[in-house]
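Peer 1: Can you keep this structure in mind? I'll have questions shortly.
Just so it is clear, none of the values below were taken in a lab; they were calculated from the coordinates. This structure is a prediction, so every number in the text was calculated from the model and none was measured. Cβ placement follows ideal geometry from the backbone for every residue including glycine, while neighbour counts extend to all protein chains displayed.
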Amino acid sequence: MNDIERMDKEYVFGTWAFQKAYNPKQIVDAEGVYFTDADGNKFLDFSSQLMCSQLGHKNERINKAMNAQAEKFAFMAPGFTNEARAKLGKKLAEITPGNLKKTFFSPGGTEANEAAIMIARWFTGKHKIISRYNSYHGSTYVSAQMTAEQRRWATEHGMAGFLKAPAPYEYRTLFKNAMQTLDYIDEMMTHEGDQVAAVIAEPVVGSNGILVPPPDYMPELKRICEKHGALLIADEVMSGFGRCGEWFACDLWNMQPDIITMAKGITSAYLPLAATTVSEEIAAHFDENFFNIGHTYSGHPMTVACALETIQIYEDENIIAGVKEKGRYLMDKLCELKEQHPSVGDVRGVGLFCGVELVKNRETKEPFDDYDAKIKGKPSVLAQVGGKLMAEGVYVVPMINTLILAPPLIITEAQIDEGVAALDKALSWADEQL
Ligand SMILES: Cc1ncc(COP(=O)(O)O)c(C=O)c1O
């Protein structure tokens, strides 16, 4: 470790980590799909940091837009508006599905989901919330209750009304198929006395393994919600803004949720901004009912100016249209790797949102690591695969048993080849661990 890294380790908490084992790497520069550490090592960003740097690093237009706003004024209280905020609100109404119209801005995806839950409870007058296992919805107290994986356990202190349903995890489901898990949710709502305010779902599950449901799944989930008088909240914090080859994953199936939450790609992660956009009916409810939420930084002028320019770049440079093709190119390469490496159990994904699930045994699907290896501080084969990739100059996020491959949407085929070549080597190491 160098002096900066040591200082950081001493004075700054590492997130989701045993502090003793946390060794942050100092980054000194980043441009396009690459970033550089303090020793001059250059890395291909094959996961867009935390699946958020959609346009890569050091984008001149975004930097200019942020500077231009800073030169006018950096901050005004949310009770004042400005050109960028009004235009961004309108733009989100245009690019989100169906009649989704009015937006509440917050600083991060976690808060966007918290707002969605409050809004759903106020609108329906009901209180129960269903989320699905193998999902992540945030890290504050309420959003952590909806998070249905090991990152919830430490904050689970008996908050009532948060129910969990099975995930559409085709590779590992106990059900006949993913669609059958919807019968379970339907049944669940009946047994909960139709007291469910909302079901919250990542349309394509992100950090819990890139789970793409069958095409009928989300439309059918919406129908079941309607049947029971519940809202459907689509958490598109990770899957939105072109990641899946459409503005939003919901667009893959032409379906409209009642509320959509987004963050990450809305500014390509240049500044922290999130949004909760609701349907016209829900928006109208608050004409006469108090909208009981706000943040100092709700729609912070710098962040909305940044988002507006980011979205303009997606449009001007036709970024999203290119994602499906690049995604198919990446997926073909991953399928080839699966043929060559027995440690690969499954590859799946849509657009530039792909996962490679590793297993000790293809027949039994026995995973390499325990589900909760990270929070128990157990050695992890997946983390070591991530380390091997870094040694090859490629950054990939390993989550539980899946490597998340979600490069910036501006990546070229040659750069995909570069990432895949490193993955090939790292998987050869994983094969030796069988
Ligand atoms: C699907 C999903 N929802 C919510 C969040 C929380 O967003 P944030 O980390 O910005 O609070 C994340 C973060 O990764 C996410 O992937």
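Peer 1: In Å, the Kirkwood hydrodynamic radius of the range 264-347 over pairs of distinct alpha carbons?
Peer 2: 16.8 Å
Peer 1: Computed FRET efficiency, Cβ-Cβ of GLU339 and TYR371, R0 22 Å: what is it to the nearest 0.05?
Peer 2: So the FRET efficiency works out to roughly 0.20.
Peer 1: Are there any trypsin sites (Lys or Arg not before Pro) in the range 1-69 that are in a DSSP loop and have at most 15 other Cβ atoms within 10 Å? List them by number.
Peer 2: Passing both the DSSP loop test and the Cβ count: LYS58.
Peer 1: Per Stokes-Einstein, at 4 °C and 1.567 mPa s, what whole-number D in µm² s⁻¹ belongs to the range 384-434, with the Kirkwood radius over Cα pairs as the hydrodynamic radius?
Peer 2: 114 µm²/s
Peer 1: Nearest 5 percent is fine: what portion of the DSSP beta bridges confined to the chain is antiparallel?
Peer 2: DSSP beta bridges in the chain are roughly 70 percent antiparallel.
Peer 1: Can you pull a Stokes-Einstein diffusion coefficient for the range 294-416 at 37 °C (0.692 mPa s), Rh from Kirkwood over Cα pairs, as a whole number of µm²/s?
Peer 2: Answer, rounded: 195 µm²/s.
Peer 1: Given Cα pairs under 8 Å that are at least 6 residues apart, what percent is the relative contact order of the chain?
Peer 2: 20 percent
Peer 1: Moving on to the next point. Could you work out the relative contact order of the range 61-316? I mean the mean sequence separation of Cα pairs under 8 Å and 6+ apart, divided by the number of residues, in percent.
Peer 2: 29 percent
Peer 1: Given labels modelled 7 Å from the Cα in the Cβ direction, how far is it in nm from ASN289 to SER139?
Peer 2: 3.2 nm
Peer 1: To the nearest 0.05, how large is the calculated FRET efficiency for THR36 and THR190 if R₀ is 45 Å and r is the Cβ-Cβ distance?
Peer 2: For THR36 and THR190, the calculated efficiency is 0.20.
Peer 1: Direction-averaged shadow area of the convex hull around the Cα atoms of the range 61-316, nm²?
Peer 2: Computed as one quarter of the Cα hull surface, the answer is 13.5 nm².
Peer 1: How big, in percent, is the set of alpha carbon pairs in the range 233-375 lying more than 19 Å apart?
Peer 2: 66 percent
Peer 1: Moving to a separate point now. Once each part is reduced to its C-alpha centroid, what is the distance from the range 332-392 to the range 89-158 in angstrom?
Peer 2: One Cα centre to the other: 29 Å.
Peer 1: A further question on this structure: Out of every Cα-Cα pair in the chain, what percent are more than 40 Å apart?
Peer 2: Within the chain, distances greater than 40 Å cover 15 percent of Cα pairs.
Peer 1: Mind ranking 360-367, 203-210 by how tightly packed they are, going by the mean number of other C-beta atoms within 10 angstrom, highest first?
Peer 2: 203-210, 360-367
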